[in-house]
1. Once the Cβ-Cβ distance between ALA34 and ALA146 is put in as r, and R0 is 60 Å, what FRET efficiency do you end up with, to the nearest 0.05?
2. Assuming a ≥ b ≥ c are the square roots of the Cα gyration tensor eigenvalues, decide whether the stretch 2-154 counts as rounded (a/c under 1.5), prolate (otherwise, with a/b larger than b/c) or oblate.
3. Any idea what angle helix 79-91 forms with the longest principal axis of the chain, computed on alpha-carbon atoms, 0 to 90 degrees, nearest 10?
4. With springs connecting C-alpha atoms under 10 Å apart, model the chain as a Gaussian network and identify which of VAL17, VAL234, VAL368 has the largest mean-square fluctuation.
5. For the stretch 1-107, state which chymotrypsin sites (Phe, Trp or Tyr not before Pro) are in a DSSP loop and have at most 14 other beta carbons lying within 10 Å of their beta carbon.
6. Expressed as a whole number of Å, what is the distance separating the alpha-carbon centroids of the stretch 33-54 and the stretch 295-353?
7. In whole percent, what relative contact order does the chain give with Cα contacts below 8 Å and a gap of six or more residues?
8. Residue by residue through the stretch 23-35, which ³J(HN,Hα) values in whole Hz follow from phi under the Karplus form 6.51 cos²θ - 1.76 cosθ + 1.60 (θ = phi - 60°), with glycine and proline marked x?
Amino acid sequence: AVVVGKTYRAKLTKEAVEILPLAPTGVYVVKDAARPGLELRVTKGSKTFYCRTRMGKRSDGNNRAKPVRLGTADELEGFAKVWTMYASVYGAIKGEGRDFNAEHATARAEFKRTTETPAAYWGRYKVGTAAHGRGKLRPATVRGYAHALTVFCGDHWERPMDALTHDLVSDRYEATRAAHGTMTARMGLRVLRAMQNKFDLPTTTAKAFKAHPDARRKIGERAGRINPEQAATVVAFLLDYQSKSAANSARWHHVDLMLLAMLTGLRNHTLRAMRWDWLDLQHGIIKVPAEYMKNCLPAELPLATRAVAILKARKALAGDSPLVFWSHRNREKCLPKCTQFFNEMPWRFGPHDGRKVLGTVLVNHPGVSYPTVKALLTHTDTTDVTGIYAKATWNSMREGVELLAAALFPA
């Protein structure tokens, strides 16, 4: 009888190997008494030969003994080949210092690199990439990245990653930009570069970045933070613009969208998806479901009196639409972006800049605490030590949104 987990020493001959019993569970090892370094590992399903000996003639000093799998007798088509392979491997390890395990790992990595597809790499990339303590990318980010990357790769989504050469990536950028716009092409190119960097693959995006300057966002394109004086100017412009627009027109709706973006600090996609059943206008509260929040956590936020007034005016025009911002063509769908409206604004300013307005106005107000601003912006990053110990109260959040409304709409 044999004991699982124990190491035996015996002369390994063809007859001896054949009569050795399989392990009921686990594994036991039999070392060859005649051939140094040769050992047989027996499990409940196989008998596998290994060669284990210290590596010689290593200039780096790494002479550790590592087991090198030779195979089973069936795999090697007979015991004679086992002894021949053992002699060859033992001599290479002992006399030449070869590291077969490292060579096998390199070969496996090369095989994976030349056969795995962008789709396979994306499946591993989206898990454990972005931190925020979550261990994976957030759902909203995954959706955006996945769409841009699949569109960018096109027919090469299920082909080996190596097929995406420098010239092909550059051509794919041009095609994606022409068909889906610069933002999608830019995001697809950046996600592809990030995946190649993460998995130590050859980077094939350099030519595309060099040939297409618009692939890199220029610093001049980024809107600066809005200070309180500028915020009031923006609001005055929007109110004047709305007064000159036809009621219930696309531009009229976008003015309300921009005003609520500054008054609530909600993100663009959350604002456009806002539904009436989220709102309690009597008590001035909005409850956003988790699936519409970037951090995947439900949010309950107070609404300033001015925000409630805007929403009540919209409610009178909503009719049977479940959405606060509806499309003219289909009242069941969200309000689409009005490019002409944003082009007519004297500043580069969009709904997401409303979060900057809220944060900048309130953080510069002596009566509003930093935790209050953080709570209104629904930030939940755990690296912020202040936010861990200092919690915002509901009253301070209510005071904060009212002070914000007073700053944006001066009497």
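1. It comes out at approximately 0.55.
2. Working: a/c = 2.69, a/b = 2.11, b/c = 1.28.
It comes out prolate by the Cα gyration axes.
3. 70 degrees
4. Among VAL17, VAL234, VAL368, the largest mean-square fluctuation in the Gaussian network model of the chain belongs to VAL17.
5. When the chymotrypsin sites (Phe, Trp or Tyr not before Pro) of the stretch 1-107 are filtered for loop state and at most 14 Cβ neighbours within 10 Å, nothing remains.
6. The distance from the Cα centre of the stretch 295-353 to that of the stretch 33-54 comes to 71 Å.
7. Values: 558 pairs, mean separation 40.9, N = 411.
Once normalised by length, the contact order is 10 percent.
8. Per residue, the Karplus-derived 3J(HN,Hα) values read 6, x, 8, x, 8, 10, 10, 10, 8, 6, 6, 9, 10 Hz.
The values are calculated or read from the model by the stated rules, or taken from the named source; none is laboratory data. Given the structure is predicted, the values throughout are model-derived calculations rather than measurements. No Cβ is skipped: glycine too gets one built from the backbone with ideal geometry, and neighbour counts run over all protein chains shown. For accessibility, only protein heavy atoms count, side chains too; no ligands or nucleic acids. Shrake-Rupley method; radii C 1.70, N 1.55, O 1.52, S 1.80 Å.
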